[in-house]
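*Asks:* A single structure is presented below for examination.
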Amino acid sequence: MKIINVVCGIDDKYYQHCAVMLVSLIKSTNRKFNIYILSLNVNENHKSLLQEMIISLGSEVQILDVSSDWVQQFPIRRRDYLSLATYLRLFIPQLLPPEIDKVLYVDSDIVFNGDISELYDVDLSNYSLAGIEDAPNLHPLRLSYNEADSYFNAGLILLNLEYLRGIDFTNLAQKYIRENFAKIRLHDQDVLNALLHGTVLFLDIKWNMLDCFFFNPPLIASKYMEDLAKNRETPIVIHYSGPLKPWHKGCRHPMKNIYFHYANMISWSNKRVSYFFVFKKFKFIIALFILCGDTPEKAKYKYKRFKSLFKITP
């Protein structure tokens, strides 16, 4: 069986979550892995922990340091729950060895609950990448391309590096950011969609089950409802794509315990949940509603009602 090439990009805040993702991946798929970790200021001790863990699981690993100068001028907002490390995705074609022509990119807020061999073996001939269609949105219109091309979620994508190198993708991405800075809201995901729409192979939703697919009602295109019913109970890929992750107090994801199942396999992982983030991310009253048991969506609705009843200005 062919080796599976995997790449992820992290800063120091995400090294543990990257470890959990990789443990779940290796434990769930009976294949050998070559793992590339793009590091943005990750502590040397933390890099050593990651390397030792991956090697102990029988996989190969290379950690590639990336200068913060490469991404520090890219658009990010104060309340965003991700970091500039998300933009490392754009440099994959340049940073990975030239003999690697296909790689699976995985965000570190994902856990695997089944074998991904079928996904990795997808034929990418004539496609730039493969990914799942994101929740219904108006992003194509915002990014000025045809709605018919749709919009993919970039949290898990199978990349055709030969194709991307052939169009000089990394330099195109940097140019796009310079020329469209104000238009970019969803960071490198917007850049990828703006440049690669129309060249994407859309996958079954089982390969990237987003938070919003577990809402009641789910936020998903109606054409996927039948597939959703089959995949909600035993998803292969669980993507904690919302602002509240399993390691945050207030996370209501029905599959959050799977994260801790794999975290418990790592001797040095921190199993405590953080209260701080919910107050950093949300207004104080919304955060209180969340900590009392509401989802962020319900908490925001209550806050709007609260403001209207008491005529509170923002």
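*Asks:* For segment 212-236, which residues satisfy the criterion of being surrounded by 14 or more Cβ atoms within 10 Å (Cβ to Cβ) and within 23 Å of residue 115 (Cβ to Cβ)?
*Replies:* Hits for segment 212-236 are 213, 214, 224, 227, 228, 231, 232, 235, 236.
*Asks:* Another question, if that's okay. Kindly provide the set of residues from segment 247-287 that are hydrophobic (A, V, I, L, M, F, W, C) and either within 20 Å of residue 212 (Cα to Cα) or within 19 Å of the chain's Cα centre (by Cα) (or both), ordered by number. Before you say what the answer is, go through the steps one by one.
*Replies:* Narrowing segment 247-287 to residues hydrophobic (A, V, I, L, M, F, W, C): 247, 251, 255, 258, 260, 263, 265-266, 268, 273, 276-279, 282, 284-287.
Scanning segment 247-287 gives 247, 251, 255, 258, 260, 263, 277, 278, 282, 286, 287.
*Asks:* If a residue has to be in a helix (DSSP H, G or I), in contact with a strand residue (DSSP E or B) (Cβ under 9 Å, 6 or more places away or on another chain) and either exposed (fewer than 15 other Cβ atoms within 10 Å of the Cβ) or at pLDDT 95 or above (or both) to count, how many in segment 54-88 make the cut?
*Replies:* Summing the residues that are in a helix (DSSP H, G or I), in contact with a strand residue (DSSP E or B) (Cβ under 9 Å, 6 or more places away or on another chain) and either exposed (fewer than 15 other Cβ atoms within 10 Å of the Cβ) or at pLDDT 95 or above (or both) in segment 54-88 gives 3.
*Asks:* So, one more: Would you confirm whether any residue within segment 184-198 is out of contact with any Ser or Thr (no Cβ under 8 Å at 6 or more places or on another chain), within 30 Å of residue 257 (Cα to Cα) and exposed (fewer than 15 other Cβ atoms within 10 Å of the Cβ)?
*Replies:* no
*Asks:* On the given criteria, is residue 23 in a strand (DSSP E or B) and within 25 Å of residue 261 (Cβ to Cβ)? Working first, answer last.
*Replies:* Values: in a strand (DSSP E or B): no; within 25 Å of residue 261 (Cβ to Cβ): yes.
When the stated conditions are applied, residue 23 does not pass them.
*Asks:* I would also like to ask the following. What is the number of the single condition among (1) farther than 21 Å from residue 239 by Cβ; (2) free of Cβ contacts under 8 Å to residues at least 60 places away in the same chain; (3) not in a loop (DSSP other than H, G, I, E, B) that residue 91 does not meet?
*Replies:* Every condition holds for residue 91 apart from (2).
*Asks:* Regarding segment 31-43, can at least one residue be identified that is exposed (fewer than 15 other Cβ atoms within 10 Å of the Cβ), of a type outside the set (Gly, Ala, Ser) and more than 28 Å from residue 176 (Cβ to Cβ)?
*Replies:* Scanning segment 31-43, I find at least one residue that is exposed (fewer than 15 other Cβ atoms within 10 Å of the Cβ), of a type outside the set (Gly, Ala, Ser) and more than 28 Å from residue 176 (Cβ to Cβ), so the answer is yes.
*Asks:* Turning to a different aspect of this structure: If you take the residues in segment 95-106 that are outside any loop (DSSP other than H, G, I, E, B) and of a type outside the set (D, E, K, R), which one is surrounded by the most Cβ atoms within 10 Å (Cβ to Cβ)? Can you show your working first?
*Replies:* Within segment 95-106, the first condition is being outside any loop (DSSP other than H, G, I, E, B), and the residues that meet it are 95, 102-106.
Cutting the leftovers down to of a type outside the set (D, E, K, R) gives us 95, 103-106.
Details: 95: 17, 103: 23, 104: 21, 105: 23, 106: 25.
Taking the candidates together, the pick is 106.
*Asks:* Output yes when any residue across segment 243-261 is surrounded by fewer than 18 Cβ atoms within 10 Å (Cβ to Cβ) and among the aromatic types (Phe, Trp, Tyr), and no when none is.
*Replies:* yes
*Asks:* Moving to a separate point now. Looking at 248, 261, 253, which one is under 27 Å from residue 56 (Cα atoms) and modelled with pLDDT of 90 or more?
*Replies:* On the way: 248 fails: under 27 Å from residue 56 (Cα atoms); 253 fails: under 27 Å from residue 56 (Cα atoms).
Going through 248, 261, 253 in turn, the sole match is 261.
*Asks:* Quick test of your reading of the structure: residue 21 fulfils all but one of (1) over 23 Å from residue 121 (Cα atoms); (2) under 14 Å from the mean Cα position of the chain (by Cα); (3) crowded, with 22+ Cβ neighbours inside 10 Å. Name the failing condition by number.
*Replies:* (1)
*Asks:* Moving to a separate point now. Is it the case that residue 163 is under 25 Å from residue 110 (Cβ atoms) and free of Cβ contacts under 8 Å to residues at least 40 places away in the same chain?
*Replies:* Details: under 25 Å from residue 110 (Cβ atoms): yes; free of Cβ contacts under 8 Å to residues at least 40 places away in the same chain: yes.
For residue 163, the condition - under 25 Å from residue 110 (Cβ atoms) and free of Cβ contacts under 8 Å to residues at least 40 places away in the same chain - is met.
*Asks:* For the subset of segment 138-153 comprising residues that are assigned to a helix (DSSP H, G or I) and not basic (Lys, Arg), which member is surrounded by the fewest Cβ atoms within 10 Å (Cβ to Cβ)? Walk me through how you get there before you give the answer.
*Replies:* Just the residues of segment 138-153 that are assigned to a helix (DSSP H, G or I), to begin with: 139-142, 147-149.
Subset that is not basic (Lys, Arg): 139-141, 147-149.
Values: 139: 21, 140: 17, 141: 11, 147: 12, 148: 8, 149: 15.
Per the criteria, the residue is 148.
*Asks:* Give me a count of the residues in segment 107-118 that are crowded, with 21+ Cβ neighbours inside 10 Å and under 17 Å from residue 201 (Cβ atoms). Walk me through it before giving the result.
*Replies:* Taking segment 107-118 as the starting set, the residues that turn out to be crowded, with 21+ Cβ neighbours inside 10 Å are 107-112, 116.
The next check asks that each one be under 17 Å from residue 201 (Cβ atoms); those that pass are 116.
Of the residues in segment 107-118, 1 are crowded, with 21+ Cβ neighbours inside 10 Å and under 17 Å from residue 201 (Cβ atoms).
*Asks:* If residue 135 satisfies every condition in (1) more than 30 Å from residue 31 (Cα to Cα); (2) of a type in the set (A, V, I, L, M, F, W, C); (3) assigned to a helix (DSSP H, G or I) but one, which is the exception?
*Replies:* (3)
*Asks:* Got a sec? Which of 30, 34 is in a strand (DSSP E or B), polar (S, T, N, Q) and on the phi < 0 side of the Ramachandran plot?
*Replies:* Working: 30 fails: in a strand (DSSP E or B).
Only one candidate passes the filter, namely 34.
The values are calculated or read from the model by the stated rules, or taken from the named source; none is laboratory data. Keep in mind it's a predicted model, so treat the numbers as computed, not measured. Heads up, the Cβs are rebuilt from the backbone with ideal geometry, glycines too, and the neighbour counts pull from every protein chain shown.
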